[in-house]
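A.B. asks: Just passing along the structure, written as structure tokens.
The values are calculated or read from the model by the stated rules, or taken from the named source; none is laboratory data. Worth saying up front: this structure is predicted, and the values here are computed from it rather than measured. Cβ placement follows ideal geometry from the backbone for every residue including glycine, while neighbour counts extend to all protein chains displayed.
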Amino acid sequence: AVMSDSNRMASIAREHGSMAKLATKYRLFKQLAKEVTEVREMAESDDPDERELAEAELPDLKKRREKLWEELLDATVGGEDAARSRCVMEIRAGTGGDEAALFARDLYEMYTRHAEMKGWKTEVMDAHPTELGGFKEIIVGFAGEGCYRELQYESGGHRVQRVPETEAKGRVHTSAATVAVLPEPEDVEVDLKPDDYEVERYAASSGPGGQHVNKTASAIRLIHKGTGLVVHCSDERSQHKNLAKAMRILKSRLYDHFQQQEQQQRADTRKTLVGSGDRSQRIRTYNFPDNRITDHRINFTIYKLDQIIAGQLQPVTDALIEHDREELRGSMGESLD
């Protein structure tokens, strides 16, 4: 079993505690909203003393109500895993050959620079480099307050339009990469027993283009029997370290797998993480000739690609979070007039 009974109960208890806090805040908000309505009615009273009292009390009540409303939105935006302080990002080259692999490298560097600015820790968990210095695939762990809340918006297809380093005639090419960001579960949430998976050990290339092949079988392949999920890790020379990293990746993928199963049964199923890697399936376009980035989910365009690719991702993230907040305001059906 992926989740043991005791671990499942612990997970449910944490979720219940979080929901209870949210429910308490919402009850307080509804009470304040009711008080605002009552005091507004008092402000229209024929009694001048009652009217004066209401007009003095109303601004403070409205301020408290608006503060609580913003706290409710903050607690809800980004879904139930938003508060997690650890996540795993998988970046894969899509359509475009060598240029797509170089773009995957650029995305990796963008996210790690951004993490450094935010004070988050990063750790390469697995990587498959190319001869030109790109990545066919790279898996990175992030740790720090708010990392999943922000990075989850990066999941999807990313398209780049630029003159490749390999292009002699100066023509603009289009290529793509995909990004998947998964919350990294705590150990108590995913209980993996030795019977649940198979471990395969093999020798793997540890350098670009296949040089420096390990003489010992330090690379690890994990196969989860129940789901068929497969994880490879050959980043470390130590078999023990590769196994530990592979287990973390597998647990994150399993957690996401079962979360997705649960969410599909709900009416408000969240968006699918990643497209096929095809250029037409994209969430964002990076146009180097115009120094432009466009996020197609919210029709957000900013002409600061040079700054964003250098790690200053916050303007894009803030726009995505604010868009979610506005949608949430509408779906919760409250007015603060």
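A.B. asks: In this structure, is G170 within 21 Å of L305 (Cα to Cα), in a loop (DSSP other than H, G, I, E, B) and of a type outside the set (D, E, K, R)?
C.D. replies: Working: within 21 Å of L305 (Cα to Cα): yes; in a loop (DSSP other than H, G, I, E, B): yes; of a type outside the set (D, E, K, R): yes.
Yes.
A.B. asks: Test F300 against the stated conditions and say whether it is in contact with a helix residue (DSSP H, G or I) (Cβ under 6 Å, 6 or more places away or on another chain), at pLDDT 95 or above and surrounded by 14 or more Cβ atoms within 10 Å (Cβ to Cβ). Before you say what the answer is, go through the steps one by one.
C.D. replies: Details: in contact with a helix residue (DSSP H, G or I) (Cβ under 6 Å, 6 or more places away or on another chain): yes; at pLDDT 95 or above: yes; surrounded by 14 or more Cβ atoms within 10 Å (Cβ to Cβ): yes.
Criteria met by F300.
Results for (1) among the hydroxyl-bearing types (S, T, Y); (2) surrounded by fewer than 22 Cβ atoms within 10 Å (Cβ to Cβ), shown as yes or no for each residue.
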| position | (1), (2) |
| --- | --- |
| Y108 | yes, no |
| T112 | yes, yes |
| K118 | no, yes |
| A127 | no, yes |
| F135 | no, no |
| I139 | no, no |
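A.B. asks: Being at pLDDT 80 or above, in contact with an Asp or Glu (Cβ under 8 Å, 6 or more places away or on another chain) and exposed (fewer than 13 other Cβ atoms within 10 Å of the Cβ): is that true of K245 here? Don't jump to the end; show me each part of the working.
C.D. replies: Working: at pLDDT 80 or above: yes; in contact with an Asp or Glu (Cβ under 8 Å, 6 or more places away or on another chain): yes; exposed (fewer than 13 other Cβ atoms within 10 Å of the Cβ): no.
Answer is no for this residue.
A.B. asks: Could you run through the range 145-174 and say how many residues are small (G, A, S) and out of contact with any strand residue (DSSP E or B) (no Cβ under 6 Å at 6 or more places or on another chain)?
C.D. replies: Here is the first cut: in the range 145-174, the ones small (G, A, S) are 146, 155-157, 168, 170.
If we keep only those that are out of contact with any strand residue (DSSP E or B) (no Cβ under 6 Å at 6 or more places or on another chain) as well, we get 146, 156, 168, 170.
Of the residues in the range 145-174, 4 are small (G, A, S) and out of contact with any strand residue (DSSP E or B) (no Cβ under 6 Å at 6 or more places or on another chain).
A.B. asks: Kindly evaluate T112 against the criterion of being of a type in the set (S, T, Y), in a strand (DSSP E or B) and within 21 Å of the chain's Cα centre (by Cα).
C.D. replies: Details: of a type in the set (S, T, Y): yes; in a strand (DSSP E or B): no; within 21 Å of the chain's Cα centre (by Cα): yes.
Taking the combined requirement at face value, the residue does not satisfy it.
A.B. asks: While we're on this one: Of these, E66, E71, which one is outside the structural domain of Q314 (by TED's automatic domain parsing) and touching a Lys or Arg at 6+ places or on another chain (Cβ under 7 Å)?
C.D. replies: On the way: E66 fails: touching a Lys or Arg at 6+ places or on another chain (Cβ under 7 Å).
Every option except E71 fails the conditions.
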